[in-house]
Structure formats: C-alpha cells, structure tokens
Amino acid sequence: MSGLATRGLRAFHQLSQRTFSTAARKGVENRVREKQKIFQADNGLPIHLKGGVSDAILYRLTMALTVGGTFYVMYVLFDTALPSKK
C-alpha cells in the first residue's frame, strides 16, 4: 500500500476507536420528561399533531401531496388506458 493510503487507514482506525467524552454532552439538556408530558397529555389531539404548528404544517403538506399524487396517477392511468383518437 502507498504511504497515503496507510496514513488514511491509520487515521480512520484511530477515529473509529475514539470514545465520546462526557465533556461534549454537557451543553445538551435532557428534555425527554418535557416531551413525555406534551405527548401524553389528554387534550384530544391525535399523536401526530401534538408537536405544535410544525406538525400541523407537515401533516397538511403530506396530505396535499398524497391527494394530488393520487389524482395525478388516476389521470395518467385513464389517459394511458383511453388514448385520444387522431
């Protein structure tokens, strides 16, 4: 192997063997309890909308794309099955 490939392999091995330190995780706050309270609250909302406005927007966008895609597929199928006469 060439020297460059050996150095790259050695660097990859060192990187893969390196353990994560706890110092890097001090800035990250554990918010699992807060999220559990939000998602387990009995407020009548379905689980996929309990995340707030962003969940509602993503839900509506997904539904619009699904409905639009369904109509487009139906259009293409009918157009293919019943071609116009020339």
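The values are calculated or read from the model by the stated rules, or taken from the named source; none is laboratory data. Please read all numbers here as calculations on a predicted model, not as lab measurements. Only protein heavy atoms, including side chains, enter the accessible area calculation; ligands, DNA and RNA are left aside. Shrake-Rupley method; radii C 1.70, N 1.55, O 1.52, S 1.80 Å.
The table that follows gives values for the structure above.
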item	result
28 Å Cα cut-off, lysine pairs counted over the chain (separation 8 or more, or different chains)	4
Tilt relative to the chain, helix 53-81 - C-alpha long axis, 0 to 90 degrees, to 10	50 degrees
Sequence of 35, 50 when ordered by accessible area, the most exposed leading, probe 1.4 angstrom	35, 50
Between helix 3-17 and the chain: long-axis angle, C-alpha atoms, 0 to 90°, nearest 10	80 degrees
Percent breakdown of C-alpha pair distances by 10 Å bin, ordered from the shortest bin, for the chain	12, 16, 15, 16, 19, 16, 5, 0
Carbon/sulfur fraction of accessible area - the chain, other protein chains in place, 1.4 Å, %	64 percent
Accessible area of the chain divided out per residue, in Å², using a probe of 1.4 angstrom	98 Å²
Largest to smallest accessible area among 66, 80 [probe 1.4 Å]	80, 66
